[in-house]
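Q: This is the structure, below, for whatever I ask next.
Since every read-out is calculated from the coordinates, none of them should be taken as a lab result. Because the structure is a prediction, the values reported are computed rather than measured. Backbone-built Cβ (ideal geometry, glycine too); neighbour counts: all protein chains shown.
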Amino acid sequence: MKPRLLLAGILIAMFFAAVDCPAEISNRVVAMVNKDVITLYELNNRIRELTGRTSEEIKAEDEETYIELRRQILESMINEKIAQEKIEELGLQISQADVDAYFENIKISKNWTHEDLLQELKNDGLNYEAYRKQIKDSMEQEKLINYEVKSKAVILEGQIFKYYQEHPDQYKEDERVRVAGIILLVQDKENKDELDGLKKRGEEILARAKNGEDFGALAKEYSQGPGADDGGELGEYNPAELEPELKEVIDGLSDGGVSGVISRETGIQIIKLIKREGGNIKPFEEVRDDIYDTIYNEEISKRYTTWLKDLRDKSFTKINF
């Protein structure tokens, strides 16, 4: 059970780390945020919490990547400081009773005693009191998001229906196709005469099928592939699962349609689409709530980005790296 330190569902969890050099003083200030500061000690602790590794270990692997990731983590910590100031300004603090309730819910859902909880935290390298603070911070940040961002997001019914009309492929029912095939195998791939003869025989069989002869009977007589004894039936598939070339052939057929002669490395194929089912766009009423969630999450993400930028613009920040 790992802590989620950033704004729930919005802030990006940074699973990477920064580094401190042995010569650096661990409590030196690495960033100023209005009247508050972030120390190197705090930054390194956050690195260890998120990754389970020290800064030195990560830097040793790739210093250039480490520098960028250190910047990302420090930026997220700055955002948290700014958000915490806003939480205090608006009086959105979470009580210790709320935190107690959070842990009680965990214990009930997991059927844990308090000792079980402490052991799980210990197994994850977490201190109980420190973890309580992290949960409190996370709950307050989520409350802030609800107050400042989510409460101001309004999704109109017209937006939902417009999205449905503009993204039909996202709401198609699963499609299934039942296919049969006549397969003629080549014995010597390097023998051009054999390949030409195989194609000629395939064209003759195809002509007979298109002239009305029963495809299943022709498959039983000539096919050397799977399903020959069952009239060439190859089974039922989701077209998306088929190899692109075969999918393209089947997409071009209607029920009962027969393809041309398809040259393959192993020989030739003639494909018949027996039946196509599904593939229709689901009714709007069936997918309306899913579309609402999609639009809502996009709107929240956009509003959060704008809101956070506005907070940053109004704040004094200075990074000392």
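Q: What number, rounded to the nearest 500 deg cm²/dmol, is the helix-based mean residue ellipticity at 222 nm of the chain, given -39500 (n - 2.57) per DSSP H run of at least four residues and division by all its residues?
A: Numbers: 11 runs with 169 residues, N = 321.
That comes out to -17500 deg cm²/dmol.
Q: Oh, and also: If I stretch the segment between residue 224 and residue 159 completely, what's the gain in nm (0.36 nm per residue apart, minus their alpha carbon distance), one decimal?
A: Here the answer is 17.9 nm.
Q: Using a Gaussian network for the chain with springs between C-alpha atoms less than 10 Å apart, which of these wobbles most: 262, 58, 160?
A: With Cα springs under 10 Å in the chain, the top fluctuation among 262, 58, 160 is at 262.
Q: For the pair residue 89 and residue 147, how long in nm is the line joining their label points, each one 7 Å along Cα→Cβ?
A: Simple spin-label model gives 1.1 nm for this pair.
Q: Hey, how many Å between the Cα centroid of the range 74-139 and the Cα centroid of the range 177-227?
A: The distance from the Cα centre of the range 74-139 to that of the range 177-227 comes to 68 Å.
Q: Need the full-extension length gain, residue 107 to residue 199, defined as separation in residues times 0.36 nm minus the C-alpha distance. One decimal, nm. Don't jump to the answer; show the numbers that get you there.
A: Numbers: separation 92, 0.36 × 92 = 33.12 nm, distance 6.95 nm.
Residue separation times 0.36 nm, minus the Cα-Cα distance, leaves 26.2 nm.
Q: Let me ask you something else. Enumerate the residues in the range 251-276 having an amide nitrogen under 14 Å from the point lying 7 Å beyond the Cα of residue 189 toward its Cβ.
A: Correct set: 264-268.
Q: Let me ask something else about it. Relative to the present Cα-Cα distance, how much length would full extension add between residue 311 and residue 251 at 0.36 nm per residue of separation?
A: 16.4 nm
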